[in-house]
1. Can you pull out the residues in the range 4-23 that are open to solvent by 60 Å² or more (accessible area, probe 1.4 Å), closer than 16 Å to Tyr51 by Cα and polar (S, T, N, Q)?
2. With respect to Glu44, determine if the residue is open to solvent by 80 Å² or more (accessible area, probe 1.4 Å) and part of a helix (DSSP H, G or I).
3. Kindly list the number of the only condition in (1) loosely packed, with under 11 Cβ neighbours inside 10 Å; (2) in a helix (DSSP H, G or I) that fails for Asn39.
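The values are calculated or read from the model by the stated rules, or taken from the named source; none is laboratory data. Keep in mind that what you see is a predicted model, and the values were worked out from it rather than measured. Don't worry about glycine lacking a Cβ; one is built from the backbone with ideal geometry, like all the others, and counts go over all protein chains shown. When the accessible area is computed, the model is the full protein with side chains, heavy atoms only, and any ligands, DNA or RNA have been set aside. Shrake-Rupley method; radii C 1.70, N 1.55, O 1.52, S 1.80 Å.
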Amino acid sequence: MASRGNRVVVPEAKERLNQFKMETARELGVNLTEGYNGNLTSRENGSVGGYMVKKMVEAYERNL
């Protein structure tokens with residue numbers, strides 16, 4: 001079975017997810033920039049992804 005990796009499954013969603021990531025980083029006070037963010041800690045980067053998932057789950061539950 002081949003690994004899917006970071007392949008974009010829905011190309012139209014890529015830009016919106018990037019916007020969502022930047023909005024979430026601003027809300028958390030993480031200085032995320034376009035491109036390389038190696039200057040940030042794993043904790044900072046992980047908080048953005050974790051909070052994005054939390055917001056997506058909350059939105060899904062609201063729409064049930």
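1. If the condition is that a residue be open to solvent by 60 Å² or more (accessible area, probe 1.4 Å), closer than 16 Å to Tyr51 by Cα and polar (S, T, N, Q), then Gln19 is the only one that fits.
2. no
3. Of everything listed in (1) loosely packed, with under 11 Cβ neighbours inside 10 Å; (2) in a helix (DSSP H, G or I), Asn39 misses just condition (2).
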